[in-house]
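Novice: Take this structure first; my questions come after.
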Amino acid sequence: MIIGGLVSIITGLIMVLWPGKTLLFVAILIGVWLLIAGIIRIVQSVIRRDLPRRRRVLLGIAGLLYVIVAAVCLGDAFRSLTLLTLVIGLVWTIGGVAEVAAGFPKFWPTLLGLLSIAIGITVFLWPEPTLTLMATVIGIWLIVIGVIQLVLFLTTRLRRRKPPAIPSARTAQ
């Protein structure tokens, strides 16, 4: 628990202090993962003779798509994050419209839909500041989680070290 708490606090501090660089690092990690996953699928499509031909073709196509998306991510990491943020904003806006249409005239579903529309439009119109804000909020949350983990660790450890109570003369009888 202490290691998890320290890692959370350190990661949170990094995200709060350098949100832009943190986002770029995450985008590059995703790009590398996509590249590796794509290459693995392409290799599987060639060497896995035990699979049906149709499955091997689909694996190859999927692998190629992974490699293409990886190239986009690695080519301009910040732009790929911005594009992902735009898609999220669009999805939240459309989801909010659907929520309002399905929930009207009930209060809570309509309110949830209107909030989704407002947040979706905000994210869509200002993707870069939204990314920075999200990284900062997540960083703060990680710091809070880390502090809670450390407090839990320390209080648990103190309880274990506490000597057992000595029975009084009354309870011994």
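Novice: Which distance in nm do the two modelled labels at Ile61 and Val147 give, with both placed 7 Å along the Cα-to-Cβ direction?
Specialist: 5.2
Novice: Find out how many positive minus negative residues lie around Leu114, taking Lys and Arg as positive, Asp and Glu as negative, among other residues whose Cβ is under 14 Å from that of Leu114. Show your work: numbers first, answer last.
Specialist: On the way: positive: Lys106; negative: Glu99.
Neighbour charge sum, excluding Leu114 itself: 0.
Novice: Here are a few candidate values for Rg and Dmax of the Cα atoms in Å: (i) 25.2, 83; (ii) 17.3, 50; (iii) 16.1, 48. Which one was actually calculated from the structure I just gave you?
Specialist: Correct label is (i).
Novice: So what is the relative contact order of the chain, in percent, for Cα pairs below 8 Å that sit 6 or more residues apart?
Specialist: On the way: 197 pairs, mean separation 58.2, N = 173.
The normalised contact order for the chain reaches 34 percent.
Novice: To continue, here is another question. Tell me, what is the FRET efficiency for Phe104 and Thr132 to the nearest 0.05, using R0 = 30 angstrom and their Cβ-Cβ distance as r? If you can, show how the numbers build up before the last one.
Specialist: Details: r = 34 Å, r/R0 = 1.15.
With R0 = 30 Å, the Cβ-Cβ based efficiency is 0.30.
Novice: What value, in deg cm²/dmol to 500, does the helix sum -39500 (n - 2.57) over DSSP H runs of n ≥ 4 give at 222 nm once divided by the residues of the chain?
Specialist: Working: 7 runs with 153 residues, N = 173.
Helices in the chain give a 222 nm mean residue ellipticity of -31000 deg cm²/dmol.
Novice: Another one. For Val97 paired with Val46, estimate the spin-label separation in nm (one decimal), with each label point 7 Å from Cα along the Cα-to-Cβ line.
Specialist: 4.5
Readers should treat all values here as calculations from the given coordinates under stated rules, not as data from a laboratory. Remember, it's a predicted structure, so these values are computed and weren't measured experimentally. Glycine gets a Cβ as well: all are built from the backbone with ideal geometry, and neighbour counts include every protein chain shown.
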